[in-house]
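Here, each number is a calculation from the coordinates, and none is a lab measurement. No experiment lies behind these values; they were computed from the predicted model shown.
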Amino acid sequence: MKTFALLIICSIAISFNACAQKAEKQKLGTAKQTKKMDLTKITNSKVKEAFNAWQKGEKETFLSFFIAEAKLLDDGNSRDFKKFVNEACGHEHFTTIDMVENSGKDIYGNFHTESWGNFKTYFKFHQNADGKFDRLDIGQTN
């Protein structure tokens, strides 16, 4: 009889725990959905499309907006552009857009990375005459 009672108590505890986890996931999902970013601040349509691909973690789509030999400057230091995109896209993203300048090509906002946490940053897209991006400047802001 004690074993049966213990089984009942354990089953109830597991059920409550499962319900709480489901409720927490639903709450997180709702919070993520309601925290939609205002992309209307980005007035350059190519930047907006590339930015959207970055936010969704779509590496190939993001790369398609750049020339094959695109340059990357990270706080002024040259880095391997494709390596950066392959390592960071899908793991790092903007959480807010605070300001957009330079005809919609410079984006400033809060940024989240799995390695470094949250900080203020910028992405500055350099567009060539053909409409493709040939350079991306990234870095921290104050």
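Take the alpha carbon gyration tensor of the range 86-142, find the square roots of its eigenvalues, order them as a ≥ b ≥ c, and report rounded if a/c is under 1.5; if not, report prolate when a/b exceeds b/c, else oblate.
Since a/c reaches 1.5 but b/c is at least a/b, the shape of the range 86-142 is classed as oblate.
Taking 18 Å as the cut-off for C-alpha to C-alpha distance, list the pairs among Lys48/Lys82; Lys46/Lys83; Lys41/Lys124; Lys46/Lys132 that go past it.
Table pairs above 18 Å Cα-Cα are Lys48/Lys82; Lys46/Lys83.
For the range 39-140, just run the numbers: alpha carbon Rg, then divide by 2.2 N^0.38 Å, N being how many residues it has.
Relative to the 2.2 N^0.38 Å estimate, the range 39-140 comes out at 0.96.
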